[in-house]
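Comments concern the structure below.
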Amino acid sequence: MADILIKATAAEGGIRAVGVISTRLTEEARVRHNLSYVATAALGRGMTSGLLLASSMKREGSRVNLRIKGNGPLKGFLVDAGLDGTVRGYVDCPHVELPPNAIGKLDVGGAIGRKGFLYVVRDVGYGYPYTSTVELVSGEVGDDVAHYLVTSEQTPSALLVGVFVGAQGVTAAGGILLQVMPKAARDEALVATLESRVSQLSGFTPLLRSGKTLPQIFEQLLGDLGLVILPETQIVRFDCHCSFNRVLGALKMLGEAELQDMIEKDDGAEATCEFCSEVYQASSDHLAQLIEDLRTESV
Ligand code: ZN
């Protein structure tokens, strides 16, 4: 089954809900970057959060970047997610593994670290991107992104993200975002109701692993609050827009002397995309052509 994103509203538009299943794209990231269990969970939570945040942007081409830098051994990650449902990302130290935490879960907070920052960059497709920075709350990702939504966007929000990964790879991943819209934000009872319902859930992946679908999870949380599930289902996927031509463009910027050096010393050049670990090989002929192009352009 493909990964999907669906939206819903409740309380006559006072509540906005988004849910995403990200099992396959998290598994793809795990395989591409050869991630440890805890790194898979960290990046999967980050990519799921990115897709949830990007889904509320309006203008075509909008993207959101989540950069976490913590004081733990994993250091952090970078995620780039689009309104179009594409997402990519990488972990700074992808092979770090930690024992499970006190409640038997992958210790994402311990791996990222409890101290550090979350940087959120929203690129709405024109002009300068908006950047916000918040301190990490726990390094568990979901809490940190929810904290950002409450402090920077002043939107009462509950966010739940989870990844289940074992010897078979990623078997469940996804998340939900519930937000109280401005027109209902003063309705303290509604905010409290949402918070208590989300806190009663024992995590997102147990719901998925028990066989629940996104509409059933929405029903469980919001069924008595006038839930309306929107008909569109968006496919979400791991996708990187790197290409051989982009790599050649980057090599060309190095200049003639450097390119000549690569031809003589290495008989070509190899470049790895940090977002997707795709490896690109440029032969000496490719490099010679770039030198040729540079000479033509400078005439
Ligand atoms: Zn790439």
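Scanning for something touching a Cys at 6+ places or on another chain (Cβ under 7 Å) and of a type in the set (A, V, I, L, M, F, W, C), does segment 249-268 turn up at least one residue? Within segment 249-268 (the criterion being touching a Cys at 6+ places or on another chain (Cβ under 7 Å) and of a type in the set (A, V, I, L, M, F, W, C)), the answer is no, since none of the residues qualifies. Across segment 206-213, not a single residue is classified as more than 16 Å from the ligand (Cβ to nearest atom), open to solvent by less than 70 Å² (accessible area, probe 1.4 Å), outside the structural domain of S157 (by TED's automatic domain parsing) and of a type in the set (S, T, Y).
Of all residues in segment 168-202, those satisfying the criterion of being open to solvent by less than 20 Å² (accessible area, probe 1.4 Å) and either in a strand (DSSP E or B) or without any contact (Cβ under 8 Å) to a residue 60 or more places away in the chain (or both) are G169, V170, A172, A173, G174, G175, I176, L177, L178, Q179, V180, V198.
Scanning segment 58-92 for residues that are in a loop (DSSP other than H, G, I, E, B) and open to solvent by 20 Å² or more (accessible area, probe 1.4 Å) gives K58, R59, E60, G61, N71, P73, K75, L83, D84, D92.
Within the span defined as segment 215-225, every residue fails to be within 16 Å of the ligand (Cβ to nearest atom), within 30 Å of S36 (Cβ to Cβ) and open to solvent by less than 40 Å² (accessible area, probe 1.4 Å). Taken over segment 6-50, residues that are among the hydrophobic types (A, V, I, L, M, F, W, C), open to solvent by less than 10 Å² (accessible area, probe 1.4 Å) and within 18 Å of V170 (Cα to Cα) amount to 9. Of everything in segment 247-299 that is open to solvent by 50 Å² or more (accessible area, probe 1.4 Å) and within 16 Å of the ligand (Cβ to nearest atom), the residue that is farthest from N34 (Cα to Cα) is A250. For segment 108-139, filtering for residues that are buried (at least 24 other Cβ atoms within 10 Å of the Cβ) and part of a loop (DSSP other than H, G, I, E, B) leaves 2. A search for C-beta distances below 6 Å between a residue of segment 279-299 that is within 18 Å of A257 (Cβ to Cβ) and any residue that is outside any helix (DSSP H, G or I), counting only pairs 6+ apart in sequence or on different chains, returns A282/G268; A282/A269; S284/D267; S284/G268.
The values are calculated or read from the model by the stated rules, or taken from the named source; none is laboratory data. What you see is a predicted model; the values in this text were computed from it and never measured. Because the Cβ atoms are built from the backbone with ideal geometry, glycine has one as well, and the counts that use them run over all protein chains shown. Surface accessibility is based on the protein's heavy atoms, side chains included, excluding ligands, DNA and RNA. Shrake-Rupley method; radii C 1.70, N 1.55, O 1.52, S 1.80 Å.
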